[in-house]
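Asker: Pasting a structure here, questions to come.
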Amino acid sequence: METKNELKPSAIRKTILEDHAQLRTMLKNIETHLQSKKSDLLIKATQEMVDFFLKHIEREESILAPVLQEIDSWGGVRVDRMKQEHAHQRQEIQLLVSELKQGKMMQIIPRVEKFMSDLYEDMDSEEKECLSPDLLKDDLVTIGNYSGLTK
Ligand SMILES: [Fe+2]
Ligand SMILES: [Fe+2]
């Protein structure tokens with residue numbers, strides 16, 4: 001497990017963006033299986049994506065959240081939003097995994113499709129709001145919104 005304080009913001013950004021790239025590749029793979037209607041491959045690929053995704057959100061909480069928290073006066077809001085979103089995603093995953101186990105494609109397909117479109121949206125918005133290079137700079141000077149106010 002990474003130790004929070006040893007990673008620079010740019011390295012954290014790179015790690016999380018690499019996870020997102022990996023997730024997008026996995027989602028593309030799932031789309032292929034949705035089209036080809038190969039249910040065993042779809043279930044396997046979805047389970048792998050979910051396993052990776054759970055590690056990804058843990059990583060965001062362990063290495064990204066502490067840096068976001070300190071980065072500017074919106075840090076707390078960003079971190080709260082992230083945690084709420086992750087709580088929601090963990091619930092959705094529980095439902096998805098239980099349906100994968102039951103193997104009923106009529107239920108699996110719409111749930112996978114919904115999870116995928118939510119995940120694309122989630123990654124886009126994280127990249128805009130929490131992972132921009134302007135935000136995660138290595139020369140971290142934490143300045144509040146009011147002039148002269150430093151944390
Ligand atoms: Fe996230
Ligand atoms: Fe993410």
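The values are calculated or read from the model by the stated rules, or taken from the named source; none is laboratory data. All values reported here derive from a predicted model rather than from experimental measurement. Positions of Cβ are backbone-derived with ideal geometry, glycine not excepted, and every protein chain shown enters the neighbour counts.
Asker: Which condition number in (1) surrounded by 12 or more Cβ atoms within 10 Å (Cβ to Cβ); (2) within 16 Å of the chain's Cα centre (by Cα); (3) modelled with pLDDT of 95 or more is the one that E129 fails?
Answerer: Among (1) surrounded by 12 or more Cβ atoms within 10 Å (Cβ to Cβ); (2) within 16 Å of the chain's Cα centre (by Cα); (3) modelled with pLDDT of 95 or more, the lone unmet condition for E129 is (3).
A quick yes/no check of all residues on (1) in contact (Cβ under 8 Å) with a residue 60 or more places away in the chain; (2) surrounded by 14 or more Cβ atoms within 10 Å (Cβ to Cβ); (3) assigned to a helix (DSSP H, G or I); (4) over 11 Å from the mean Cα position of the chain (by Cα):
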site: I12; (1), (2), (3), (4): yes, yes, yes, yes
site: M26; (1), (2), (3), (4): no, yes, yes, yes
site: I30; (1), (2), (3), (4): yes, yes, yes, yes
site: L54; (1), (2), (3), (4): no, yes, yes, no
site: E85; (1), (2), (3), (4): no, yes, yes, no
site: S98; (1), (2), (3), (4): no, no, yes, yes
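Asker: Among the candidates K38, K8, K4, K44, single out the residue that is surrounded by 13 or more Cβ atoms within 10 Å (Cβ to Cβ), over 25 Å from A65 (Cα atoms) and at pLDDT below 95.
Answerer: Step by step, each of K38, K8, K4, K44 is checked, and only K38 is surrounded by 13 or more Cβ atoms within 10 Å (Cβ to Cβ), over 25 Å from A65 (Cα atoms) and at pLDDT below 95.
Asker: Does region 31-68 hold any residues that are of a type in the set (A, V, I, L, M, F, W, C) and closer than 29 Å to V79 by Cβ, and which are they?
Answerer: Passing the criteria: M49, V50, F52, F53, L54, I57, I63, L64, A65, V67, L68.
Asker: While we're here: I'd like to know if region 35-42 contains one or more residues that are under 19 Å from S125 (Cα atoms) and either within 13 Å of ligand 2 (Cβ to nearest atom) or outside any helix (DSSP H, G or I) (or both).
Answerer: no
Asker: Scan (1) at pLDDT 95 or above; (2) surrounded by fewer than 12 Cβ atoms within 10 Å (Cβ to Cβ) for the single condition V141 breaks and write down its number.
Answerer: Just one mismatch for V141, condition (1).
Asker: Taking the conditions exactly as written (among the charged types (D, E, K, R), over 21 Å from S117 (Cβ atoms) and assigned to a helix (DSSP H, G or I)), does E92 satisfy them or not?
Answerer: No; evaluated as a whole, the condition is false for this residue.
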